[in-house]
Amino acid sequence: YMLAKERGDSVHAAMAVWGGGKRLHGLGQKQEGLQIALNAVATMKHTDYDHKNHELANLYAILAKMYCMDGKYDDSLRMSKEQERYVELSKESPSQEWYRRNLMRTYTIRLEIVAKMGRLAEADSIYVKYGITPECDPLCGDAVLSYYRLRGMNDQSMQFLNAAIKNLREDGDTLGRNMLRLITDKG
């Protein structure tokens, strides 16, 4: 943050502030953390740089998850719609893979939100319509697992977890945080 401020780099200063807000939220100071994160996003909206829309879509994805974890589903859904808006604005980016993955992330997170709201028919429709699959994305993996749990889709949960564990083992990660988390989820 200090280096970005020193160089007049408002984009990276806002990103640093965003990280602080996310950290506060994770430490239990939820309202203060969310407010700081929202202020950082507002600052970033008024900047101009190459990957702005892609970055804002990612930040809105995390905000949607933060609100969802807090049980604030209406706010979470609102963040998900902002996420979708910025994904669509980034459609013309040099990488169509970015666009495709961000679109999948949008609908996967929305799947979890509406399922937790008790709108299971809508969640089922999203799952089928967008062909939701757990990509190599922690936010998507968590959201799909949450949906699977709510729908009692234990076989699909185990298939996903086994595949994710296999991938980590192939990467040589047998003791890392991700592996421990997957094993805990499997248990």
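From the list V87, V128, V114, which residue is of a type in the set (V, I, T) and more than 28 Å from A42 (Cα to Cα)? I'd like the intermediate steps shown before the answer.
On the way: V87 fails: more than 28 Å from A42 (Cα to Cα); V114 fails: more than 28 Å from A42 (Cα to Cα).
One residue alone meets the criteria, V128.
Just give me the residues in segment 106-136 being open to solvent by 40 Å² or more (accessible area, probe 1.4 Å) and in a helix (DSSP H, G or I), in sequence order. Scanning segment 106-136 gives K116, L120, A121, E122, D124, S125, Y127, V128, K129. Restricting segment 1-14 to residues that are out of contact with any helix residue (DSSP H, G or I) (no Cβ under 7 Å at 6 or more places or on another chain) and assigned to a helix (DSSP H, G or I), the residue that is least open to solvent (accessible area, probe 1.4 Å) is L3.
Of the set (1) touching a residue at least 12 places away in the same chain (Cβ under 8 Å); (2) farther than 20 Å from Q31 by Cα; (3) not small (G, A, S), all apply to K81 but (1). Applying the condition of being under 13 Å from N178 (Cα atoms) and surrounded by 16 or more Cβ atoms within 10 Å (Cβ to Cβ) to segment 153-167 and asking which residue is farthest from the chain's Cα centre (by Cα) yields I165. For W98, the conditions (1) at pLDDT below 90; (2) in contact with a Phe, Trp or Tyr (Cβ under 8 Å, 6 or more places away or on another chain); (3) in a helix (DSSP H, G or I); (4) open to solvent by 40 Å² or more (accessible area, probe 1.4 Å) are fulfilled apart from (2).
The values are calculated or read from the model by the stated rules, or taken from the named source; none is laboratory data. Just so we're clear, the structure is a prediction, and the values are computed from it rather than from any experiment. All Cβ positions, glycine included, derive from the backbone under ideal geometry; neighbour counts span all protein chains shown. Keep in mind that these areas ignore ligands, DNA and RNA; they rest on the heavy atoms of the full protein, side chains included. Shrake-Rupley method; radii C 1.70, N 1.55, O 1.52, S 1.80 Å.
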